[in-house]
Structures are given as structure tokens and as C-alpha cells.
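Working notes, structure below.
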Amino acid sequence: MHYFFQRFVFSLLSLFILTLITFLLSQVVPGDPAIVAAGPNAGAEKIELLRSEMGLDKPLTQQFLIYVGKLAQGDLGKSWFTHQPILEDLIRELPPSLELVIIAMVINLVISLPLGLCSARYNDTRFDSLVRLFAMIGAGLPIFWTALILQNVIGGELQLLPIAGRLSFEYRAFEGYTGFFLLDGLILGRLDVFFDALKHLILPAFSLSLLFTAVGLRITRTAMISEFQKDYVLLARTKAASEPRIMFKHVFPNGAPPSLTVFGMQFGWMLGATVLVEEIYGRPGIGRYAVKAVTQSDIHAVVAVVLVVGIVFLLANLVVDLLLYILNPRGRMDK
Amino acid sequence: MKICNLLASAFTVLSFSLAIPFTATADVAGTLIIAENETPENLDPANATNSTVNQLLVGVYDALVQFKAGETSVSPQLATDWQVSDDGLQYTFKIRSDVKFHDGSSMTSADVVFTLDRLQAASAAVLNDMGPFKSAEAIDDYTVKMTLEAPFGPFISALSRIYIVSKAQVEPHMSDDNGRGWLAVNAAGSGPYSVSTYKPTEVVTLNAFEGYWGGWDGDHVAEVVFRYIAEPSTQLALLKSGEVHIAPDITVQDKLSLMDADGFRVDIGAAATPLYFQFNTSSDGLVGDASFRKMLAQTFDRKLHLDYVLQGFGTMPDGPLPPDWMGHSTSTELPFNMAAAKELVDQNGWAGSTLKVRYLPAIEEEQAAVEQLQSNLSQLGIKLEAEGMTWPAQAATVQDLDTTSDINMIYNFPSFPDPHAILNTSFNSQNTGYNGGYNWAQYSNSEVDALLNQAASSADQSERATLYAKAQQMIGAEYPVITVSLPGSVVAMSSAVKGYRYSVAHHQTFNYMDISVD
């Protein structure tokens, strides 16, 4: 438990430093939010008035302290441009992105874990070469390019899956409780909505996951190869244990930790990369929200997005640590 | 094809459910779906200067007067008629007595006064173009008097962007932000459509308002849907699959190819949005010298830009005003002439100098224009450094003369079709970048200012035309800008769309209230 407490304090500290860095960076990046807020032909007087209303005339340290003070009370502030509490904006934008990342992660795990294990088992065979070729291609394709090609071929030419959006047009008025349409579909017993949302997720999620899957696959393969060379595998084989039993019962649990650590980090990276597929597939989400905020110099909104992505990143890593702890009881003694 | 079937059945259900309440003479049915690449910030009429906000509001709210799509002069909307005092300082409006807001309340002059008071209290961007507007007061229930600090010729035109809100609806939500938070996500208008869904990064849905005071003669759609699709190729795919009817942001090449394709139409609106290279006329460096600017002014091939970058969609400019506008003076800017420029460079020994241009690389035609200028200048031995920026960053650099680069690219989007909105914005010294305006050439000439101010305060159109013509000639003689292009507003749409007309007073919007879909 002491270990987890330590991790928690460390995470809080990381978040604080992240906030500080983002806040400072957003000040260094040129751009004046007051000019944008004042609109065309505003005149210097009005810009100055807005600058002081927005608190931008205060010294940077004071601005930062005010911001952190509000943050400590759970107040992310108001967006200068949507005039809404940023928290509300994020509650609307985060679920579509998280849904996308979760499905992409499922695709990632379903492909890279079994393929990694098998290609390690059949190391240096033709099958292994094929898998490595796939990983190499996957790692080399830029996300936006994959997304465009899949959209044009599978969505546009073949019309097998939708081109864009989160739901089909007839569901445009659909409102759920959570903002996660897959979950909302299930909660409300609307399987039609569930499957429609899933159909809209396949191409974007696959485009987003390909690069990460390639990396996950290589890491899993490498970790498993070294496990297959260990003495306990030799012992199990001499005791005539079946090959599936060796693979799944012995090698997999022992070789999984390095991959799990990477998958945990990939979750956060994916969330940061959603904008690439969100723009192409016309999906709402935190990536598009962030881009808009950056182009308008909506500093508080930008910092809030970075903070939320940071929290998700840390949470994903905490979950992975917890999983490793459960998988490997020896960890308790190490710590 | 399955999608089309689903859409068709959705239309049928919708048109059935929504068409019933309307009168038998009108046909209000079907759905119009518009793709848009940029998401709206909010729904607040205070922000109607922003086209992504304005395109939603233009049919949700009414103004006292309005430019109908395709027209360049105002028509009465909520006002029936108006009188201007002899000194030009007081405008008295008679307003309609039969107008109902979407909440059912009736419009009176109290709503008009409340609207303007709120905009003033909120330092609304939309008031920037209202000139010396001072205050509004209700004379009786249907008479409003507006007072100006100085006469302002285009005042009536400027009112077309002042959308009247329902006092009864907004007042309870004023809180400490002048109702900005509430109006950002709610609407309180009297227009033909009301907002039914507002998901600003995904979809905005408008529904025809049954009790619209203007009635529903002719063909209209029952529902308008804006879908936010950033990627041009996605907009094209959706247009082709029938999932959107209007796709304004596809590439020029794709627009060109759709011109001859069955089932599609490409509309070219005579937009009046000049794109400039503005030279820092107040610079201590070379661009501060008018003879150097005379050389620069001849180094850009507008025809090449129009033919290849804009694929012919646009008007060839010879000065900042569109050629067919009141007051346009011909050939106030020098034509492309590299030989003449070369001669000036040789005479003055300017070869070897370095200039900097700032621009928005996200705008394709700006990027292309910068590349052309770079290449032409390098032939003269002048190096042009290009610095791409975001809008807020570029706007911040011109706040100060010291940080203003030699050349800036900027679009001028006039908020109403009047020479004032282009010439005063781009060349009056009151509007220099360091004064918080869009005259990024930091151009200051007291005689030009006097002409522009006199034209702005006059109500006599022929006098104004003469003054503007004179101002353009004086400006042209000092070479503060190259007007790169007057791009057309090119919008691709399904041929099922009927009634679309480009609106010069509401650039980058769609007259969805006049459109029907077959």
C-alpha cells in the first residue's frame, strides 16, 4: 500500500509540473487572446479593456497563482471563446475521444498480444517474418494517411462502413447519459445505436491503432522470445507439458509485464493523437477542441486539455502498475 | 446506397411530422445538410462578426434591416421605415408590431433597446463596425430612437449584423457576464428557424419555426443541419454519397471537377474580400520608402495567381475595391511588370536586401502567393523570408511598429457591402495595427483620413463615390499594398439544392432560409 501512496503523490507532483510547464509554454507562444476576443476593427482601447477583463494585464506569476488556486478547487475556469465552463466543454468532448481510444486499444491488444506470442514461439519461421513485415509496414504508415486511405476505399468506394461522424444521420438527436455512445446504447437498451456507433468507430479506431499495434507487437514478441529461452520452459517441455499450456500458462504471464507497461503509456499517447483521426472522420473530441483552443489562444482551455490528457496518462499507468502487482505477487516483497 | 435509403426514409418521416403545421400554400419539408470546416465558438449574437457563428444565426435572428442574399442594398426586416435627423445624429425607427420571438413573446422597442444595451455592456465584437453609435432609447412600444456621436453614412448597413434578442428570454440569464454564457449555447431570436441541437464540435440542428412572422410562402426546408467536417476530402466524400448537400470547403481542383459532374453544381459568388500584401509603410527600413514599395508593387502576377491558384474563380483586382462597387477607381495599383521593377532595383542598388513576410500557412492561397512573391523577388536579388503563423500570433505582431514585419498578408472581410468597410478598415490611420485595427500597412496619411472620414459621415451616395475614388488614387500613389486577389466564393453543392445565393453582406454563410431540397 505504501508503494501506491508513493505513486499517488508522485502523480500529483507530475500533474502540477505539467500544469506549470503548459501554462508557461502557452505564454511563450506568440498570440494575444484579447485581440481575438475583441473581434475585427476593435481599436486599441477595446483590446486593452478586454485584456484587463481577461486578467491578462496581471504579471505572469500572479496569473499562474490565480489559475492554480482555482484549479485546486476543481475550477478549470471559463473558456474565453465558448463562454462555458471549460469542465463542461471537456465533459462533452472527452467521452467521444476516450471511446475511440478504448476501441483502438482493444484492437491493439487483440492483435499484438496473440501475434507477438505466436511469432515468438515460431521465431525465425516464415510466419514470424510475415508478422515482422506487417509490424514494419504498420510502424511506417502515418496515422492520417492510413485514415484517409481507409476512409476513401472502405467508406467511399466500397461503402462498407460509414465515411464520417459518430452516428448515422437518423440518430442525430440521440442523447445518452454518459456521452459514450456504445455504453449509452447498452444502458438504454438501444442495440441499434450501439451497433451504429460501433460501425462508426471501426475505421477511425483501426487507423489510430495501427502504428501503436506495430510497436506493441514488436515489444511483445521480443519479451516473449526471451521467456521461451528460460530454463523453466525447458523443464516444462522435458516434463512433456503441452505446447499451448507452456505458451499460455507459463510464458505469457511471465513475458507480459514489459508489454503491459508499454500499452499503459500507449493509452495516453493515443489520446494525444486522436486529433489526426477526429479531423478526418469528422468526429468531435478533445483533439479537435484542443486545436481550436490553440488557434484562438484560449490559454485556459489549452492548459485544461493538457491536464486532462496528463491525468488519463497517469491513470492508465496506475492501472498497469496495479495489474503488474496482481500478476506478480513477488512484487510485494520487492517493494 | 443504403445510406441514401436511410436518409430518404428519415426525410419522409421528418417531412411528415414537420410539414403538417404549416399552411397549405407553403412547402416546408425536408432537410438541408451543410458541411462546415470550422466549428463555431458559441451562438452569441455579440460574436456575429465571426462567420462560423454568423452562418448559424443569420436565419435564427432578425435584425432591424437586412441584406437579402444576392442583394447589395438593405431591405427593412424588423423595422418598417426610419427617419434620419438633418444633422445625421439621430435615427428613428418604426418597428413591426406582429413579430413573435421563438419563446412566444412579442417584440417591442424594449427588446431592441435591451439588445443594444447588452452588446455595449458586453463590449461585443459586433459593435466594432457600428461606427460612432452612442445609445438607443424606446420612444413608444414600436418606435426606437438611436443616437450617434457623429454622422455615419453606413449606419443602416451596419445594423444588418445587430441581431435582436428577446428581452424576456435573456434578461433572467444576464448574471455577471451580460448573458454571454447563456446566449453562447441558447438562442432567443425571432427568425424563421430555431436552434434545436447545439453540439458545437459535431452538429448543429435548426428547425423551421412555425409561428414565424414573415410566413412561409414558397419552398423551404423544415430542418437545417450543420455538420462540422474539417477535412476537405471527407466533405467531398460526404457530398458524393449524398450525406451532405453543400460542401463549401473542398479543394479548388475538386470544385473544378464537380462543375461538369452530374448531380452537382458549383456556385461562384462575387465575393468582395480582398487579399493583400500589406507593406509596413511606417517602417524605418526599406519598405518605409515609397519608391521601394513602388518596385515591390510591380512584382506580383495577379493573373497567374487567379488562373492557377484560384483556378479562375475570382475577379482580377486593380485596387482594393471590387471593380463593380460604388466609388471604385480603376488602375490605382500598378500592374505586374518585372522589367520595371528590375530597373528600379538596379538604379537604387537594392539587390542583396532581405525582407520578411508573415502569413497564415493554413490558407492555401496565402501560401501560394507568398511562394510566387518569393520567387519573383529572388529574380531581382531580394531575399524574402516567409514566416507562417496562427491568426492570434500574427495579429499580435502588428500591435507594435517594432514587431511589424516588412510585409503582412491579410484578408479584409467587409461586414457589409460598402466601400467604407474595405477602405476605412485597411487605410484609415485610426485603424493601424498599433491602434488595434486591420490597417497592417500601418498606413497613415492625414489627407486620406480626411477623405475617408468625410465619406463615412455623408449620406449622399454620389458625393461618397467621388470621395472614395479620390482616396483610392491617393492611396495608390503611395503603394501601401498589393491587392493580390478578389477570390470568388466557390461553393459546391448537390443539384437537389434550390435557391442558394451568395450573400456578400454575410460572407461564408448560406441563405438556408431561402433554400429547398428536391
Name the single residue that is farthest from B:GLU38 (Cα to Cα) among those in the range A:267-283 being in contact with a Gly (Cβ under 7 Å, 6 or more places away or on another chain) and in a helix (DSSP H, G or I). A:THR274
The lone exception for B:THR466 - which of (1) in a helix (DSSP H, G or I); (2) buried (at least 18 other Cβ atoms within 10 Å of the Cβ) it fails: (2)
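If I ask for residues that are of a type in the set (Lys, Arg) and touching a Ser or Thr at 6+ places or on another chain (Cβ under 7 Å), which ones from the range B:187-244 would you list?
Step one: list which residues in the range B:187-244 are of a type in the set (Lys, Arg), which gives B:199, B:227, B:240.
Correct list: empty.
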Criterion (crowded, with 18+ Cβ neighbours inside 10 Å, within 14 Å of chain B (Cβ to nearest Cβ) and acidic (Asp, Glu)) met by exactly one of A:ASP196, A:ASP192: A:ASP196
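Taking the options B:THR483, B:THR509, B:THR425, name whichever one is part of a strand (DSSP E or B) and hydroxyl-bearing (Ser, Thr, Tyr).
On the way: B:THR509 fails: part of a strand (DSSP E or B); B:THR425 fails: part of a strand (DSSP E or B).
On inspection, the qualifying residue turns out to be B:THR483.
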Flagged pairs (Cβ under 7 angstrom, 6 or more apart or on separate chains; first in the range A:120-141, of a type in the set (D, E, K, R); second surrounded by fewer than 14 Cβ atoms within 10 Å (Cβ to Cβ)) are A:ASP128/A:TYR122
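Among the listed residues A:PHE181, A:PHE127, which satisfies the condition of being hydrophobic (A, V, I, L, M, F, W, C), in contact with a Pro (Cβ under 9 Å, 6 or more places away or on another chain), surrounded by 14 or more Cβ atoms within 10 Å (Cβ to Cβ) and more than 9 Å from every other protein chain (Cβ to nearest Cβ)? Let's see the steps before the verdict.
Values: A:PHE127 fails: in contact with a Pro (Cβ under 9 Å, 6 or more places away or on another chain).
Result of the check over A:PHE181, A:PHE127: A:PHE181.
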Would you please name the residue that is surrounded by the fewest Cβ atoms within 10 Å (Cβ to Cβ), looking only at residues in the range B:224-237 that are among the aliphatic types (A, V, I, L, M) and in contact with a strand residue (DSSP E or B) (Cβ under 6 Å, 6 or more places away or on another chain)? B:VAL225
Any hit, the range B:431-444, residues being touching a Ser or Thr at 6+ places or on another chain (Cβ under 7 Å), more than 14 Å from chain A (Cβ to nearest Cβ) and either over 19 Å from B:PRO414 (Cα atoms) or polar (S, T, N, Q) (or both): yes
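Test A:THR146 against the stated conditions and say whether it is within 14 Å of chain B (Cβ to nearest Cβ), out of contact with any Lys or Arg (no Cβ under 7 Å at 6 or more places or on another chain) and farther than 24 Å from B:GLU36 by Cβ.
For A:THR146, the condition - within 14 Å of chain B (Cβ to nearest Cβ), out of contact with any Lys or Arg (no Cβ under 7 Å at 6 or more places or on another chain) and farther than 24 Å from B:GLU36 by Cβ - is met.
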Filtered residues of the range A:179-236 (kept if at pLDDT below 95, among the basic types (Lys, Arg) and either part of a helix (DSSP H, G or I) or out of contact with any helix residue (DSSP H, G or I) (no Cβ under 9 Å at 6 or more places or on another chain) (or both)): A:ARG218, A:ARG221
Residues (closer than 30 Å to A:ASP89 by Cβ and in contact with a Ser or Thr (Cβ under 6 Å, 6 or more places away or on another chain)) located in the range B:52-84: B:ASN54, B:GLN55, B:VAL58, B:ASP62, B:ALA63
In this structure, is B:ALA492 outside any strand (DSSP E or B), at pLDDT 95 or above and small (Gly, Ala, Ser)? no
All positions within the range A:149-159 that are more than 10 Å from chain B (Cβ to nearest Cβ), over 19 Å from A:GLU278 (Cβ atoms) and not β-branched (Val, Ile, Thr): A:LEU158
Restricting to the range B:359-393, count the residues that are in contact with a Leu (Cβ under 8 Å, 6 or more places away or on another chain), outside any helix (DSSP H, G or I) and surrounded by 19 or more Cβ atoms within 10 Å (Cβ to Cβ). 4
Tell me, please, whether a residue that is modelled with pLDDT under 90, among the hydroxyl-bearing types (Ser, Thr, Tyr) and outside any helix (DSSP H, G or I) can be found in the range A:295-302. yes
I'd like to check something: does the range B:200-223 contain any residue that is over 30 Å from A:LEU158 (Cβ atoms), touching a Pro at 6+ places or on another chain (Cβ under 6 Å) and either crowded, with 24+ Cβ neighbours inside 10 Å or small (Gly, Ala, Ser) (or both)? yes
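Out of the helices (runs of 4 or more DSSP H) lying entirely within the range A:1-92, which hold 2 or more residues that are away from chain B (no Cβ under 11 Å) and at pLDDT below 85?
Those helices (runs of 4 or more DSSP H) span A:2-28.
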Lone unmet requirement of (1) within 27 Å of B:ASP514 (Cβ to Cβ); (2) of a type in the set (Asp, Glu); (3) touching a residue at least 40 places away in the same chain (Cβ under 8 Å); (4) out of contact with any Ser or Thr (no Cβ under 7 Å at 6 or more places or on another chain) for B:ASP87: (1)
What single numbered condition from (1) closer than 20 Å to B:LEU78 by Cα; (2) surrounded by fewer than 23 Cβ atoms within 10 Å (Cβ to Cβ) fails to hold for B:ALA158? (2)
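Which count do you get for residues in the range B:246-257 that are in a loop (DSSP other than H, G, I, E, B) and buried (at least 24 other Cβ atoms within 10 Å of the Cβ)? Outline the logic, then answer.
Within the range B:246-257, the first condition is being in a loop (DSSP other than H, G, I, E, B), and the residues that meet it are B:248-251.
Subsequent filtering for residues that are buried (at least 24 other Cβ atoms within 10 Å of the Cβ) retains B:250.
Result for the range B:246-257: 1.
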What pairs can you find where one residue is in the range B:298-314 and on the phi > 0 side of the Ramachandran plot, the other is assigned to a helix (DSSP H, G or I) and surrounded by fewer than 21 Cβ atoms within 10 Å (Cβ to Cβ), and their Cβ atoms are less than 7 Å apart, with a gap of 6+ or different chains? B:GLN311/B:VAL252; B:GLN311/B:LEU256
Within the range A:245-261, how many residues are farther than 11 Å from A:LEU323 by Cα, under 24 Å from the mean Cα position of the chain (by Cα) and surrounded by fewer than 20 Cβ atoms within 10 Å (Cβ to Cβ)? 1
Matching residues in the range A:267-276 (at the interface with chain B (Cβ under 10 Å from one of its Cβ atoms) and surrounded by 24 or more Cβ atoms within 10 Å (Cβ to Cβ)) number 0
Going through the range B:274-317 in order, the residues found to be part of a loop (DSSP other than H, G, I, E, B) and farther than 23 Å from B:GLN399 by Cβ are B:ASP289, B:ALA297, B:GLN298, B:THR299, B:PHE300, B:ASP301, B:LEU310, B:GLN311, B:GLY312, B:PHE313, B:MET316, B:PRO317
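Residue under question is A:LEU160, and the condition is that it be under 24 Å from A:GLY282 (Cα atoms), exposed (fewer than 15 other Cβ atoms within 10 Å of the Cβ) and of a type outside the set (S, T, N, Q); does it hold?
In short, yes.
Go through the range B:480-498 and give me each residue that's touching a Ser or Thr at 6+ places or on another chain (Cβ under 6 Å) and under 21 Å from B:GLN235 (Cβ atoms). Write out each step before concluding.
Taking the range B:480-498 and keeping what is touching a Ser or Thr at 6+ places or on another chain (Cβ under 6 Å), we get B:480, B:486, B:498.
Passing the criteria: only B:LYS498.
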Can you name the residue in the range B:187-201 that is of a type outside the set (Gly, Ala, Ser) and under 23 Å from the mean Cα position of the chain (by Cα) and is also farthest from the other protein chains (Cβ to nearest Cβ) among such residues? B:PRO192
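The values are calculated or read from the model by the stated rules, or taken from the named source; none is laboratory data. Being a predicted model, the structure only gives us computed values, none of them experimental. All Cβ positions, even for glycine, are placed from backbone atoms using ideal geometry, and neighbour counts span all protein chains on display.
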